[in-house]
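The next block holds one structure in the form of structure tokens; read it before the comments.
The values are calculated or read from the model by the stated rules, or taken from the named source; none is laboratory data. Values in this document were obtained by computation on a predicted structure and should not be read as measured data. Cβ sites come from the backbone with ideal geometry, for glycine too, and all protein chains shown count toward neighbours.
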């Protein structure tokens, strides 16, 4: 029997959880409204887990959150949309269930899902841009997630692409988030010319990522993935054009993410299975040590 893992994706309005096998197939899913307060959120996650698997002894659970996560993957350092700060989320959940939890940023979880089971499964160096209400990002280098010294790496949406430009909620001006976010797509993307303008900004931002990290593949995920070729093609063309100006003969392949809204909990589940510490007396999960 294949191993089964649980992943939970905590969003600003809903909590989505799924039972996932080691091929990335979703065997069951649960969705609940996101409550206010850290204890209420933890309790709702516990309820979702028990609905998926009433007997959870020893289960590995990955928790994806839209915010900064501690480097030990135990705490939410800051998640503005959830009003969480320095929240020991793994501890709160493990206090109620005999499980092992790992917490991961939601964009990183989506990237891990695509790396293990989706559009990036043949690549080792990947940049992913998730375009929703805002822009998130995840980075994979040599098969390893890049989280940075404080867990803050991958904030592609807050790279400045237009110095002194549009005001951003982060306090800066000219962030990529203000020019190519989901809200921009919704309000402005009606024609090929509109998509070309958004692709121009995405291409510029991604050219900077490419100059720094030289990825094999760049994934466009989140709500933007529904736009498909209408956005992927002009983004690819602009990226290639900008990199050619720096003497780069080839550009990373730009692809739409494949796993859709389930990517958050699929990636969280797989990341926990691949990276959770395992006691000496417990058998290794099938995917554990994948990167070692």
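Data table
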{"item": "In the stretch 60-81, the residues that are crowded, with 22+ Cβ neighbours inside 10 Å and farther than 18 Å from residue 148 by Cβ", "result": "60, 61, 62, 63"}
{"item": "In the stretch 81-132, the residues that are in a strand (DSSP E or B) and assigned by TED's automatic domain parsing to the domain that holds residue 180", "result": "126, 127, 128, 129, 130, 131"}
{"item": "The stretch 234-246 residues that are closer than 10 Å to residue 207 by Cβ, paired with ones that are surrounded by fewer than 20 Cβ atoms within 10 Å (Cβ to Cβ) (beta carbon under 7 Å, 6 or more apart)", "result": "238/200; 242/204; 246/211"}
{"item": "Among the residues listed as 49, 6, 15, the single one being buried (at least 17 other Cβ atoms within 10 Å of the Cβ), touching a helix residue (DSSP H, G or I) at 6+ places or on another chain (Cβ under 9 Å) and without any contact (Cβ under 8 Å) to a residue 40 or more places away in the chain", "result": "15"}
{"item": "Number of positions in the stretch 147-168 that are touching a helix residue (DSSP H, G or I) at 6+ places or on another chain (Cβ under 8 Å) and either loosely packed, with under 15 Cβ neighbours inside 10 Å or in contact (Cβ under 8 Å) with a residue 12 or more places away in the chain (or both)", "result": "11"}
{"item": "Close pairs from the stretch 83-96: first within 15 Å of residue 44 (Cα to Cα), partner exposed (fewer than 14 other Cβ atoms within 10 Å of the Cβ), Cβ under 8 Å, at least 6 apart", "result": "92/39"}
{"item": "Qualifying residue in the stretch 18-34 (condition: in the same structural domain as residue 267 (by TED's automatic domain parsing), in a loop (DSSP other than H, G, I, E, B), out of contact with any strand residue (DSSP E or B) (no Cβ under 8 Å at 6 or more places or on another chain) and under 23 Å from residue 88 (Cβ atoms))", "result": "no"}
{"item": "Subset of the stretch 143-162 (residues that are over 21 Å from residue 72 (Cβ atoms) and not in a strand (DSSP E or B))", "result": "156, 157, 158, 159, 161, 162"}
